[in-house]
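**Student:** Let me give you the structure first, and then I'll get to my questions.
Each reported figure results from applying straightforward, stated rules to the coordinates on display, with no laboratory input. This one's a predicted model, so the numbers in the text were calculated from it and none came from an experiment. With ideal geometry, Cβ positions are generated from the backbone for all residues, glycine too; neighbour counts draw on all protein chains shown.
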Amino acid sequence: MGYEIVHTDDVPLTDLSRVEEIPPDLDIRPIDEALETENLKVKLWYFEPGEEIQYHAHAEQEELYYILKGTFSLKVGESGEEEIVEAGPGTFYAAGPMTGHGHRNVGDEQGVVLALGAPAVDDPGLDPHSLDE
């Protein structure tokens, strides 16, 4: 890949509730697909009040999150050592491989989170509590 340029509004919104294999039932914009990135996953996640990505971990992928809009309750850390933090716009947080993380929109308005993940592999969520065994 050389370079690509795309505006957010030009990336179609995907309703994950229509994709049975992929929980949660949120809306996303797959920026990585529009930019055709090879080594980085890039998504904009849209959360209505109360919606969440449950606490999970990945075997290989490191993820970086940036809250663009809304108020979120973050759950991060290894199983048994989780930290819960309330965070809003301008907050970054990261989780390395095998480290549990999740977030829920605790505000009254739609929230938007930018998520970056590398390497760009299919790395389904794992139950962090099962990693202790």
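**Student:** Quick one: 3J(HN,Hα) in Hz for segment 105-113, Karplus 6.51/-1.76/1.60 with θ = phi - 60°, rounded, Gly and Pro as x.
**Tutor:** 6, 9, x, 9, 10, 4, x, 9, 10
**Student:** Just subtract the alpha-carbon distance of F92 and S17 from 0.36 nm times their residue separation and send over the number in nm, one decimal. Before the final figure, lay out each step's value.
**Tutor:** Numbers: separation 75, 0.36 × 75 = 27.00 nm, distance 2.65 nm.
Stretched out fully, the F92 to S17 stretch lengthens by 24.3 nm.
**Student:** Calculate the dipole size of segment 4-59 relative to its Cα centre from +1 charges on Lys and Arg beta carbons and -1 charges on Asp and Glu beta carbons; express the result in debye to the nearest 20. Show your work: numbers first, answer last.
**Tutor:** Details: 4 positive and 15 negative charges, 33 e Å.
Around 160 debye, computed over segment 4-59.
**Student:** Which semi-axis lengths, in whole Å and largest first, follow from the square roots of five times the eigenvalues of the Cα gyration tensor of the chain? Numbers along the way, then the final one.
**Tutor:** Numbers: eigenvalues 104, 70, 39 Å².
So the equivalent ellipsoid measures 23, 19, 14 Å along its semi-axes.
**Student:** Please list, in order, the residues from segment 39-82 whose amide nitrogen is less than 15 Å from a point placed 7 Å along the Cα→Cβ vector of E4.
**Tutor:** Within reach of a label on E4: 39-44.
**Student:** Test of understanding: ordering I5, I53 by Cβ neighbours within 10 Å, fewest first, what list do you get?
**Tutor:** Working: I5 7, I53 21.
In order of increasing Cβ crowding within 10 Å: I5, I53.
**Student:** Filter the GluC sites (Glu not before Pro) in segment 5-76 to those in DSSP coil with at most 16 other Cβ atoms within 10 Å of their Cβ, and list the result.
**Tutor:** Numbers: sites: E20, E21, E33, E36, E38, E51, E52, E60, E62, E63; in loops: E20, E21, E36, E38, E51, E60.
Counting only loop positions with at most 16 other Cβ atoms within 10 Å, the GluC sites (Glu not before Pro) in segment 5-76 are E20, E21, E36, E38, E60.
**Student:** In addition: Would you mind ranking L64, L26 by Cβ crowding within 10 Å, fewest neighbours first?
**Tutor:** Numbers: L64 14, L26 20.
The most exposed by this proxy come first: L64, L26.
**Student:** A further question follows. Using the basic label-point model (7 angstrom from Cα toward the beta carbon), what is the E52 to L126 distance in nanometres?
**Tutor:** 2.2
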